[in-house]
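Down below is the structure, laid out as structure tokens.
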Amino acid sequence: DDEVLNTFAAVGEPTEAGAAVVTRFAGLVDRFTLLTPYPLGDEAAAAIVAGARAATARA
């Protein structure tokens, strides 16, 4: 269910997911892999990366 999923993964829309990864895993990891149950388009991947970079700059 969603509770288990949220225990192990940063979940959200592409515009939210990058920041969620940084918020949750900052200081614990130095890289991550995007794994989706569907093909991830270039625009969505770019939004995730942009969100992660912006969150890292704020941290």
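The values are calculated or read from the model by the stated rules, or taken from the named source; none is laboratory data. Because the structure is a prediction, the values reported are computed rather than measured. Using ideal geometry, Cβ is built from the backbone for each residue, glycine included, and neighbour counts are taken over all protein chains shown. Areas reflect the complete protein model, heavy atoms only, side chains present, ligands, DNA and RNA absent. Shrake-Rupley method; radii C 1.70, N 1.55, O 1.52, S 1.80 Å.
Computed quantities for the displayed model
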read-out	value
Net charge of neighbours whose Cβ lies under 15 Å from the Cβ of LEU40, counting Lys and Arg as +1 and Asp and Glu as -1	-4
Highest average packing first - 3-10, 15-22, Cβ atoms within 10 Å	15-22, 3-10
Carbon/sulfur fraction of accessible area - region 2-57, other protein chains in place, 1.4 Å, %	58
When the convex hull of its Cα atoms is projected in every direction, mean area for region 2-57 (nm²)	3.9
ARG31-ARG58 pseudo-label distance in nm [points 7 Å out on the Cα-to-Cβ vector]	2.6
